[in-house]
1. Would you check which residues across region 28-50 are of a type outside the set (D, E, K, R), assigned to a helix (DSSP H, G or I) and either farther than 21 Å from Pro108 by Cα or modelled with pLDDT under 95 (or both) and list them?
2. State yes or no: is Ile19 surrounded by fewer than 19 Cβ atoms within 10 Å (Cβ to Cβ), within 23 Å of Leu135 (Cβ to Cβ), in contact with a Pro (Cβ under 9 Å, 6 or more places away or on another chain) and at pLDDT 95 or above?
3. Which ones in region 49-101 are farther than 27 Å from Ala128 by Cα, open to solvent by 20 Å² or more (accessible area, probe 1.4 Å) and among the hydroxyl-bearing types (Ser, Thr, Tyr)?
4. In the set Ala3, Ala104, which member is assigned to a loop (DSSP other than H, G, I, E, B), in contact (Cβ under 8 Å) with a residue 60 or more places away in the chain, open to solvent by less than 40 Å² (accessible area, probe 1.4 Å) and out of contact with any Cys (no Cβ under 7 Å at 6 or more places or on another chain)?
5. Only residues that are over 21 Å from Leu147 (Cα atoms) and of a type outside the set (D, E, K, R): list them for region 101-118, please.
6. For region 111-205, please list each of the helices (runs of 4 or more DSSP H) lying entirely inside it that holds at least 3 residues being open to solvent by 10 Å² or more (accessible area, probe 1.4 Å), under 29 Å from Lys75 (Cα atoms) and of a type outside the set (Val, Ile, Thr).
7. If you go through region 60-92 one residue at a time, how many are touching a strand residue (DSSP E or B) at 6+ places or on another chain (Cβ under 7 Å) and not hydrophobic (A, V, I, L, M, F, W, C)?
Amino acid sequence: MAADPTLRDDPIGANAVHICVDMQAMFREASPWSMPWMDRVLPRIVDLCSAHPSELVFTRFIPARRPGDGQGTWKRYYERWADMTLEHLGPEQVDLVPELRRFAPPAPVIDKPVYSPWLGTNLHEHLAQRHCDTLIVTGGETDMCVLSTVLGAADYGLRTIVVQDALCSASDTAHDAMIELFSERYGQHIETTVVDQLLERWTAP
């Protein structure tokens with residue numbers, strides 16, 4: 001279910017950056033973490049990457065090396081998801097899906113061990129160096145790593161635009177709930193749109 005877009009009329013210009021969240025093989029393949037409709041949104045993400053390849057950043061979620069690794073509750077997390085640790089996954093499983101690999105490089109890839117890309121990474125510094133004032137968010141999962149990405153961007157005061165038809169989750173219910181929250185509850189900080197509308201508004205640098 002898609003909510004009505006809430007994109008404001010303000011121009012989207014040369015200082016906008018598209019961050020594509022965790023579009024990795026391990027979330028596409030048959031696994032406990034698979035997002036069944038990743039393939040449905042992937043062409044839309046490719047369209048957006050192709051239109052603005054130089055304004056692009058990828059993130060990757062990097063699991064713990066072995067079961068029980070991690071700080072605090074992450075130890076329990078990786079005991080529960082032992083099959084999704086690096087010693088069980090092949091290295092290719094943490095890579096971007098093939099359709100997106102051609103964009104990186106030149107697009108940077110920021111690796112993170114937790115949901116948020118803002119903790120323990122250089123993402124904020126990277127965006128500041130690019131004078132980023134607007135963050136456009138795609139990828140997965142809507143209710144987990146995308147949510148952490150979006151709220152962090154709002155905390156930094158960035159104009160934050162969520163692209164509804166370029167997001168995916170393992171849970172339809174949670175995805176729909178988050179789109180509604182982005183559109184309504186967080187409406188002063190977060191805007192929503194769809195790819196076609198965004199491409200009409202995003203001015204090429």
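1. Met38, Val41, listed by residue number.
2. Spelling it out, it is not the case that Ile19 is surrounded by fewer than 19 Cβ atoms within 10 Å (Cβ to Cβ), within 23 Å of Leu135 (Cβ to Cβ), in contact with a Pro (Cβ under 9 Å, 6 or more places away or on another chain) and at pLDDT 95 or above.
3. Within region 49-101, Thr73, Tyr77 meet the criteria.
4. Ala3
5. Hits for region 101-118 are Phe103, Ala104, Pro105, Pro106, Ala107.
6. 145-155, 172-180
7. 1
Residues are listed down the side, and each one gets a yes or a no for (1) in contact with a Cys (Cβ under 8 Å, 6 or more places away or on another chain); (2) among the small types (Gly, Ala, Ser):
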| site | (1), (2) |
| --- | --- |
| Phe58 | yes, no |
| Gln71 | no, no |
| Leu96 | no, no |
| Asp111 | no, no |
| Pro117 | yes, no |
| Cys132 | no, no |
| Ile136 | no, no |
| Gly139 | yes, yes |
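The values are calculated or read from the model by the stated rules, or taken from the named source; none is laboratory data. In this text the structure is predicted, and so the values were computed from the model without any measurement. In this analysis, Cβ positions are derived from the backbone assuming ideal geometry, glycine residues included, and neighbour counts consider all displayed protein chains. The protein model used for the area step is the full one, side chains on, heavy atoms only, and it has no ligands, DNA or RNA in it. Shrake-Rupley method; radii C 1.70, N 1.55, O 1.52, S 1.80 Å.
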